[in-house]
Ligand SMILES: Cc1cc2nc3c(=O)[nH]c(=O)nc-3n(C[C@H](O)[C@H](O)[C@H](O)COP(=O)(O)OP(=O)(O)OC[C@H]3O[C@@H](n4cnc5c(N)ncnc54)[C@H](O)[C@@H]3O)c2cc1C
Ligand SMILES: Cc1cc2nc3c(=O)[nH]c(=O)nc-3n(C[C@H](O)[C@H](O)[C@H](O)COP(=O)(O)OP(=O)(O)OC[C@H]3O[C@@H](n4cnc5c(N)ncnc54)[C@H](O)[C@@H]3O)c2cc1C
Ligand code: SF4
Ligand code: SF4
Ligand code: FES
């Protein structure tokens with residue numbers, strides 16, 4: 001019997017005999033996530049983190065102290081009853097664990113994988129506080145993923161109420177939209193999702209790579225929507241194919257949820273950005289993911305530069321994903337150039353860790369000044385400046401200041417810009433009367449209602465580039481408000 | 001939604017036209033707009049093509065395309081009754097059409113296709129329309145009859161003199177710009193190099209000039225930045241800010257370089273698809 005299994009049996013015995021004391025729980029070692037070897041995974045696109053075994057999951061779950069105040073729950077944007085589902089896992093009641101999670105989150109297999117837990121639920125965890133190390137908190141996300149994965153291939157199809165005769169249009173098919181569609185459909189409305197791309201799922205399919213979030217998981221959730229009777233119309237660009245106004249006035253939709261995301265890529269506005277070999281992370285990841293450039297020549301048609309030496313600019317999840325994708329597409333050297341220090345990187349800790357393991361060369365406190373080209377207009381290098389941290393700026397982070405005369409050149413043939421995205425402008429431009437803020441995000445009230453009657457919005461188009469779980473939370477809030485609004489109209 | 005091909009014709013050695021079912025697009029489209037087409041649903045490139053016309057009663061749109069690479073060849077191999085994987089649109093901003101007075105419309109090669117609905121729209125708005133159609137050789141002059149049907153004046157030029165005048169489009173364009181009164185507007189659509197020289201010609205006469213840019217595109221909805229161009233010193237996205245721009249402000253040199261970005265890889269894909277390869281006029 002493995003050591004883990006022996007430990008679990010001992011703990012179970014102890015529990016039967018009279019329960020576990022906090023000291024018993026603190027003594028359980030935090031369970032590491034099984035993962036593909038770094039050297040191996042660099043050359044495949046399969047998922048890196050492979051998920052807990054049953055024994056590991058139960059051991060990890062037993063580390064939870066069942067705090068009365070459950071501070072972890074405060075850290076979760078959708079207020080999952082964490083200690084209850086964790087207890088269910090400790091007891092081997094995986095179905096029940098999943099049912100508890102699903103009360104608040106429709107996509108546990110996704111959130112368990114991509115939530116920035118270390119700044120949400122796990123940051124608040126008492127166990128982590130005790131060890132003064134958020135890495136040693138109860139691994140809530142991994143347990144959430146375990147519960148979802150254990151449920152097997154076919155997630156349950158939620159009950160749908162009797163038809164109300166009301167029609168709801170959901171624009172975009174990202175996580176916020178999936179939740180909004182499910183919740184309004186559950187109330188008995190006729191629901192149609194309109195997606196501009198040829199595949200539904202939003203950033204979860206065209207942005208976040210396969211090795212972090214397998215497409216099959218997202219597809220399963222889309223299939224559940226279809227089984228609930230939600231109609232999904234792809235290649236439909238709202239604002240162009242039909243406007244929001246037309247959907248409501250001519251096509252009979254009684255309410256609309258706008259979840260079109262923040263997809264407009266920012267560039268640095270430095271010399272050389274038009275050179276061949278400079279990509280936005282969106283373009284690079286879309287070509288790699290949605291159009292499967294990694295299969296180029298084997299059925300996929302989308303070309304992507306064959307890069308040997310790549311510089312990725314930025315320090316968020318998008319930058320990590322681009323850097324690790326470049327490695328998988330065959331780059332020999334990948335630099336990650338970030339102008340602040342590692343502490344300020346907005347990426348999930350696990351991704352930073354995985355990127356380093358895979359050999360991404362972190363160049364912190366550096367920033368490009370210009371991109372150099374050769375005679376054919378291809379990228380031939382990048383001139384950078386070194387930075388140091390100065391006084392804190394308005395965001396409270398110490399401002400990076402360039403060091404004069406510190407120029408040096410990185411030898412690269414590809415530059416991927418991952419410094420952020422702005423709001424998608426199309427809906428704003430084509431929907432008169434829809435209030436936007438100065439960055440082009442849609443303005444909503446606490447119920448996610450916009451300035452137009454019957455029109456609700458959520459996710460990145462409201463929050464700016466945010467997270468999957470926040471988008472889902474808004475999708476849920478908006479759906480509740482839509483259901484209330486439509487009931488009042490009856 | 002199924003996009004059935006209801007008619008298809010070959011216009012020249014490498015140029016084809018089809019009418020395909022896309023009722024919502026047919027209804028919403030305006031001159032100057034385009035669609036993104038996918039031959040299949042899963043793998044495959046997203047191909048931007050101008051909407052050359054539409055029949056709202058039949059619910060069809062008309063596409064005219066040149067076989068240049070793998071995806072456009074696959075399209076050329078489709079038969080009447082077969083379907084396209086998807087048709088998304090209409091995309092881009094519609095052309096600003098009003099009665100300007102006299103408008104000179106210059107089409108180069110396959111550029112005649114996107115030019116057609118715009119030139120016709122200008123005529124319908126009451127303009128005097130002078131059309132200049134150019135191509136390398138006789139076989140490559142497309143849509144001449146359709147332009148002849150509404151143009152007040154039609155000038156055809158070929159590089160080798162096999163049809164119409166032996167000249168580049170810029171020659172008659174300069175003559176027309178030199179007339180009194182000069183045209184109120186020029187619209188030039190064709191290979192980037194042609195548009196560049198048309199703009200240099202009209203600049204001398206201070207004739208405002210619109211061009212429609214055919215950059216590389218991925219999503220066509222403003223999400224990737226792959227279609228970016230420099231206009232008036234600023235970065236613009238062709239799919240959402242265009243495809244039409246003030247030609248006197250466009251940096252064509254950068255655009256031409258970016259267009260060649262994927263040439264090598266695409267040639268590989270195309271050669272794998274078919275032994276022969278063919279590219280006329282579109283970017284060189
Ligand atoms: C590379 C990358 C990595 C990320 N990693 C993480 C992570 O690890 N953890 C995390 O929590 N978050 C991560 N995020 C952020 C997260 O993915 C987003 O916050 C979330 O997906 C936003 O969801 P949304 O509901 O707003 O819709 P989105 O996922 O943004 O989807 C919007 C959808 O609307 C469609 N659309 C746009 N315009 C129209 C239109 N006019 N008509 C019809 N459809 C339209 C788009 O095609 C798209 O499919 C990452 C983002 C990226 C880009
Ligand atoms: C807004 C817009 C409207 C367009 N309208 C038309 C149209 O009405 N009819 C038409 O025939 N073509 C049009 N094009 C060009 C058309 O999209 C490309 O020719 C097509 O995508 C090439 O696909 P392919 O796979 O067959 O060729 P590929 O194998 O992808 O490329 C073959 C060759 O064509 C070049 N090429 C690739 N993509 C483009 C592109 N987008 N523009 C110019 N050259 C390209 C490559 O550099 C290469 O040399 C338009 C492009 C845009 C952006
Ligand atoms: S949804 Fe995210 S924040 Fe909430 S418990 Fe799960 S992993 Fe933590
Ligand atoms: S804070 Fe940590 S230990 Fe306490 S209930 Fe939540 S998960 Fe368990
Ligand atoms: S094609 Fe992607 S932004 Fe224009």
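Can you work out which of the residues in the range A:67-111 that are more than 16 Å from ligand 4 (Cβ to nearest atom) and either farther than 27 Å from residue A:210 by Cα or out of contact with any helix residue (DSSP H, G or I) (no Cβ under 9 Å at 6 or more places or on another chain) (or both) is nearest to the other protein chains (Cβ to nearest Cβ)? Walk me through it before giving the result.
If we filter the range A:67-111 for residues that are more than 16 Å from ligand 4 (Cβ to nearest atom), which is where we start, we get A:92-96, A:98-99, A:102-103, A:106-107, A:109-110.
Narrowing further to those that are either farther than 27 Å from residue A:210 by Cα or out of contact with any helix residue (DSSP H, G or I) (no Cβ under 9 Å at 6 or more places or on another chain) (or both): A:92-93, A:96, A:103.
On the way: A:92: 40, A:93: 39, A:96: 38, A:103: 34 Å.
Filtering first and then ranking leaves A:103.
Taking the numbered list (1) part of a loop (DSSP other than H, G, I, E, B); (2) within 14 Å of chain B (Cβ to nearest Cβ) in turn, residue A:439 passes all entries but (2).
Residues that are at pLDDT 85 or above and over 17 Å from the mean Cα position of the chain (by Cα) within the range B:238-276 comprise B:248, B:249, B:251, B:253, B:254, listed in sequence order. Of the residues making up the range B:64-103, those that are part of a strand (DSSP E or B) and within 16 Å of ligand 1 (Cβ to nearest atom) number 6. Candidates in the range A:225-237 are the residues that are surrounded by 18 or more Cβ atoms within 10 Å (Cβ to Cβ) and more than 14 Å from every other protein chain (Cβ to nearest Cβ); of these, the one that is nearest to residue A:116 (Cα to Cα) is A:225.
Taking the options A:479, A:465, name whichever one is touching a strand residue (DSSP E or B) at 6+ places or on another chain (Cβ under 6 Å) and outside the structural domain of residue A:331 (by TED's automatic domain parsing). Spell out how you get there, then give the answer.
Working: A:479 fails: touching a strand residue (DSSP E or B) at 6+ places or on another chain (Cβ under 6 Å).
The unique qualifying residue is A:465.
For the structure I just gave you, tell me whether residue A:121 is without any contact (Cβ under 8 Å) to a residue 60 or more places away in the chain, within 16 Å of ligand 1 (Cβ to nearest atom) and crowded, with 19+ Cβ neighbours inside 10 Å. The answer is yes for residue A:121. Residue B:58 fulfils the conditions (1) crowded, with 19+ Cβ neighbours inside 10 Å; (2) in contact with a strand residue (DSSP E or B) (Cβ under 8 Å, 6 or more places away or on another chain) except for a single criterion, (1).
From A:148, A:196, which residue is buried (at least 24 other Cβ atoms within 10 Å of the Cβ) and within 16 Å of ligand 3 (Cβ to nearest atom)? Steps first, please.
Working: A:196 fails: within 16 Å of ligand 3 (Cβ to nearest atom).
One residue alone meets the criteria, A:148.
Could we say that residue B:121 is in contact with a helix residue (DSSP H, G or I) (Cβ under 8 Å, 6 or more places away or on another chain), under 21 Å from residue B:146 (Cα atoms), in contact (Cβ under 8 Å) with a residue 60 or more places away in the chain and away from chain A (no Cβ under 14 Å) here? Let's see the steps before the verdict.
On the way: in contact with a helix residue (DSSP H, G or I) (Cβ under 8 Å, 6 or more places away or on another chain): no; under 21 Å from residue B:146 (Cα atoms): yes; in contact (Cβ under 8 Å) with a residue 60 or more places away in the chain: yes; away from chain A (no Cβ under 14 Å): yes.
Judged against the criteria, residue B:121 is not a match.
Does the range A:226-236 contain at least one residue that is in a helix (DSSP H, G or I) and either within 16 Å of ligand 4 (Cβ to nearest atom) or under 22 Å from residue A:108 (Cβ atoms) (or both)? Yes, the range A:226-236 contains a residue that is in a helix (DSSP H, G or I) and either within 16 Å of ligand 4 (Cβ to nearest atom) or under 22 Å from residue A:108 (Cβ atoms) (or both). Restricting attention to the range A:64-84 and to residues that are assigned to a helix (DSSP H, G or I) and under 22 Å from the mean Cα position of the chain (by Cα), the residue that is nearest to ligand 5 (Cβ to nearest atom) turns out to be A:75. Selection over the range A:252-290 of residues that are more than 7 Å from chain B (Cβ to nearest Cβ) and either in contact (Cβ under 8 Å) with a residue 40 or more places away in the chain or crowded, with 20+ Cβ neighbours inside 10 Å (or both) gives a count of 27.
The values are calculated or read from the model by the stated rules, or taken from the named source; none is laboratory data. This one's a predicted model, so the numbers in the text were calculated from it and none came from an experiment. Please note: Cβ atoms are built from the backbone with ideal geometry, for glycine as well, and neighbour counts cover all protein chains shown.
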